[in-house]
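All remarks here apply to the structure that follows.
The values are calculated or read from the model by the stated rules, or taken from the named source; none is laboratory data. The shown structure was predicted, so the numbers you read here are calculated from the model rather than taken from an experiment. Here the Cβ positions follow ideal geometry from the backbone for every residue, glycine too, while neighbour counts run over all protein chains shown.
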């Protein structure tokens, strides 16, 4: 390491290449081995603290790099989304991954990329901790360098970068998307524009006040107040978007604005620390924080998966927020709400029994596969929509909605839980609500389906299905005679997707102002009257997501078997309410003389189908909702432990309504 450091003093040394070699000396074999990297940094610090000539050579080399290379692209581009949009940025990253971009040799950004040229470098750079980098800066002893009366070029680069960032913030703050959701930006002075005026004054005054005590004209307090006002506007826009709808572009735009504001604050932290005491160590912590962030972002500059995940999580937050409002209706608190949900589930059980019998009749028609799949899709989709219109409940539709309501009680800041006790109580109420909904569906679907089969036999003298078909229906629901559990998991995935679809169309109706646009149509008003069209528009606005989710859920269920035929895989679905109805039909058509063991396994299979339907859809929906809110794994484990403790202490809360009204 000493021989490498001595080369920095050579007059014709390639400083960028030598810096890359020095980083290679520090870099551990395993990028995640922060302890080895920390020891290597400590060894470098020891050499620098004991060898004044080597320390001077490296310090002068770093100062030369900071003085001769342009900084602005590093501060204004790295870690900040471009203004091209989500899709364009995705294609840019893909293109640069396949065919690397040409690096500009005059940029400090290029020096950083050549030094930390491995995507895995971010792990050990962050893993060594801020203290290790602070020790390295302290070991370089910048206070030994002779003081200069000339304003440092590196600080002039920071000021130029701040000017660019400020212009971008002002332009972004007047985008039509923001003005639509926050009209006050046009009515009153926008903080996004005001900060640009204040930033210009700050930049002009800074060189003249360099090294002098702070005055009201030279400090950045007013700038930071304006930045906080900008952040408040962004928060209001996000809240308004939850009611008025959002888009990928708006979500992307708000994320970019936050990044620009944060980068300005980081650069101001450095300038504020250096302004009064240019040789003070107060600037070291903000410099290290910015350095580690820049290295992390440069190492992941072409990471397409990270770009996709980060942006889709923000979209998922908006979609799950919209689905959350429906989910709150499925979580009961009082006994009256509990039994009301049970009655609603009974309505669903009536429709499902009819849908199950109709499916059996349609299957007898021996239609071509594509035609049959389309008819089955319509049977499911229209039936689920009818249940919603009649204010019924499908038990398995609950988890995708209730999971979002549960996740909404978790704060977005750092993935912290607001209150574990409140959250466990919410989950207990959710579980007992889903149990009564399943019982309401099944307890009506089984006897009603059996009654329909018996009525057909009484009227026509023929069984609704043949004994062979009835036995086959029982076997399909059996836990050991078919892949019922696997097929139930497929249905759970369909349930999860339908929940996202519901949230998406709720957002679509709000963002595109569908109710208002319906009222713009002239001929329906003349035909039906304005009052009736007002009610129609209001109903569409409130229920478009639910109707679209139910209809498309039916199509997902109906086309699964056809998909299995097309790809040659034995793919099917099992839905607890339909499976229970099929059991009721089979018992009647077998004259209640079925094999007791087969019936017992079918009953167990129906119970397991219900559990898997709920578990899969609930887990997937909760996972998306929690990731959208960036909840950490330790928080999730704490929640799981609290739920188990509550189950041991008060098991009744998970199965039965409260003894008295809350």
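Here are some notes:
- Only one entry in 29, 37 is at negative phi, assigned by TED's automatic domain parsing to the domain that holds residue 133 and not in a helix (DSSP H, G or I), namely 29.
- Conditions (1) touching a residue at least 24 places away in the same chain (Cβ under 8 Å); (2) over 15 Å from residue 262 (Cα atoms): number failed by residue 204: (1)
- Counting only helices (runs of 4 or more DSSP H) wholly contained in the stretch 148-211, the ones carrying 2 or more residues that are buried (at least 17 other Cβ atoms within 10 Å of the Cβ) and either out of contact with any helix residue (DSSP H, G or I) (no Cβ under 8 Å at 6 or more places or on another chain) or modelled with pLDDT of 90 or more (or both) occupy 153-172, 191-205.
- Filter result for the condition that a residue is under 44 Å from the mean Cα position of the chain (by Cα) and either under 15 Å from residue 5 (Cβ atoms) or free of Cβ contacts under 8 Å to residues at least 12 places away in the same chain (or both), over 54, 74, 41, 48: 41
Let's see how each residue does on (1) modelled with pLDDT under 90; (2) surrounded by fewer than 14 Cβ atoms within 10 Å (Cβ to Cβ); (3) over 29 Å from residue 439 (Cα atoms):
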residue: 533; (1), (2), (3): no, no, yes
residue: 536; (1), (2), (3): no, no, yes
residue: 549; (1), (2), (3): yes, no, no
residue: 552; (1), (2), (3): no, no, no
residue: 562; (1), (2), (3): yes, no, yes
residue: 582; (1), (2), (3): no, no, no
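- For residue 284, the stated conditions hold: it is modelled with pLDDT of 80 or more, over 25 Å from residue 83 (Cβ atoms), surrounded by 14 or more Cβ atoms within 10 Å (Cβ to Cβ) and touching a helix residue (DSSP H, G or I) at 6+ places or on another chain (Cβ under 9 Å).
- Here residue 569 fulfils each of the conditions (1) under 27 Å from residue 496 (Cα atoms); (2) touching a residue at least 60 places away in the same chain (Cβ under 8 Å); (3) part of a loop (DSSP other than H, G, I, E, B) apart from (2).
- Verdict on residue 609 being outside any helix (DSSP H, G or I) and crowded, with 24+ Cβ neighbours inside 10 Å: no
- Residue 88 vs. criteria over 34 Å from the mean Cα position of the chain (by Cα) and part of a helix (DSSP H, G or I): no
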